[in-house]
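Note sheet for the following structure.
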Amino acid sequence: MEFTTIKVQLGESMAWVNLDRPEVRNALNAELIRELTEAFDWLNSRDDIRVIILKGNGKAFCAGADLAYMKEMAGYSYNQNIADAEKLSKLFQTIYFCDKAVIVDVHGACIGGANGIIAAADIVIAEKETKFAFTEVRLGLTPATISPFVVSKIGNTAAKELMLTGRRFSADEAKAFGLVNVVVDEAEMIDTERQYIEYFMQASPDAIAECKHLLRLVSGTADRLNPVFYDTSVLIANQRVSKAGQEGLTAFFEKRNPEWFK
Ligand code: COA
């Protein structure tokens, strides 16, 4: 398959997927969201693939939603906005419901929507200098479509602290909050990744798929038709066009503080 915003490389039983918009820190625009969803759907349908490894090219894993594209959505109709937000939710769902083992390597920064990606994955390896944040409230938005995956992964106490403050936190804190599995030096990244791949290669691929289903089942997140996916899409669609959302997004690109900032 041909992609422009991601790079996909197939190996024996494995696939490497790299986000490839380094100039904007791999921010998630409509095209990247579409291509990444397509790539995961495609890899999930392949019997020869057992492990998917996701990374970001350039200085950072991912700066979350592309704010230029978010801002632009204000000019679209209400229904177009909801349909578009649903595509973002669908991306996280596609990763979350994927039958393959999904490893994500993060470095640099992992902001906003990027945390939806890692929360939907199975194993997250973080380079120790990675900066994390759920910046949405500072932008007049909420971490809407990612919340079902993040809250299911880290629980309400951590989600309240991180989503309501919007503060930066370190890789070590991310590990303490249960958002990442391992924190490593850059030089240890590949060996750590290899170790997990080895575990997954010793497990039956069918059992991995079933075990992922089992874990969704016991944590109450196995329903693909859960209305929360639609509801959170409506929420973010509304916020993007709201006064606060537009002020926050405008302030970001004007490199100034928004009007509520004290
Ligand atoms: N959407 C659109 N463009 C973005 C972006 C985003 N989420 N994040 C970064 N960019 C752009 C910047 O505007 C900048 O563009 P410019 O070169 O035209 O000025 C370029 O990417 C590089 O960003 P910069 O901030 O200079 O990189 P950095 O390596 O110093 O910092 C981050 C990286 C990710 C920490 C920082 O870019 C950041 O905080 N981004 C915003 C993240 C965010 O709040 N996302 C929203 C989630 S809902």
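Checking each residue in segment 80-101 for being open to solvent by less than 40 Å² (accessible area, probe 1.4 Å) and charged (D, E, K, R) picks out ASP84, LYS100. Residues that are within 13 Å of the ligand (Cβ to nearest atom), open to solvent by 10 Å² or more (accessible area, probe 1.4 Å) and in a helix (DSSP H, G or I) were ranked within segment 102-149; the one that is farthest from TRP260 (Cα to Cα) is SER147.
Here's the yes/no breakdown for (1) over 30 Å from ASN44 (Cα atoms); (2) within 16 Å of the ligand (Cβ to nearest atom):
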site	(1), (2)
GLY155	no, no
ALA176	yes, no
TYR199	no, no
PHE229	no, no
ILE236	no, yes
LYS243	yes, no
ALA251	yes, yes
GLU254	yes, yes
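Residues being open to solvent by 50 Å² or more (accessible area, probe 1.4 Å) and touching a Pro at 6+ places or on another chain (Cβ under 9 Å): count how many of those fall in segment 1-50. Residues flagged as open to solvent by 50 Å² or more (accessible area, probe 1.4 Å) and touching a Pro at 6+ places or on another chain (Cβ under 9 Å) within segment 1-50 amount to 2.
Scanning segment 156-186 for residues being without any contact (Cβ under 8 Å) to a residue 60 or more places away in the chain and part of a loop (DSSP other than H, G, I, E, B) gives a total of 6.
The set of residues in segment 198-237 that are over 24 Å from VAL51 (Cα atoms), assigned to a helix (DSSP H, G or I) and without any contact (Cβ under 8 Å) to a residue 24 or more places away in the chain comprises PRO227, ASP231.
Here is the figure for segment 1-47: residues that are more than 16 Å from the chain's Cα centre (by Cα) and charged (D, E, K, R) total 6. Filtering segment 200-233 to residues that are under 30 Å from TRP260 (Cβ atoms) and open to solvent by less than 30 Å² (accessible area, probe 1.4 Å) leaves PHE229, THR232, SER233. Taking the numbered list (1) open to solvent by 40 Å² or more (accessible area, probe 1.4 Å); (2) over 15 Å from the mean Cα position of the chain (by Cα); (3) touching a residue at least 24 places away in the same chain (Cβ under 8 Å) in turn, SER77 passes all entries but (3). Here the condition is being at pLDDT 95 or above, away from the ligand (no atom under 11 Å from the Cβ) and more than 21 Å from ALA251 (Cα to Cα); of PHE92, PHE61, it holds for PHE92 alone.
The values are calculated or read from the model by the stated rules, or taken from the named source; none is laboratory data. From a predicted model like this one, the values you see are computed outputs, not experimental measurements. Neighbour counts are summed over all protein chains in view; Cβ atoms, including those assigned to glycine, are modelled from backbone coordinates with ideal geometry. All accessible areas refer to the heavy atoms of the entire protein, side chains included, with ligands and DNA or RNA removed. Shrake-Rupley method; radii C 1.70, N 1.55, O 1.52, S 1.80 Å.
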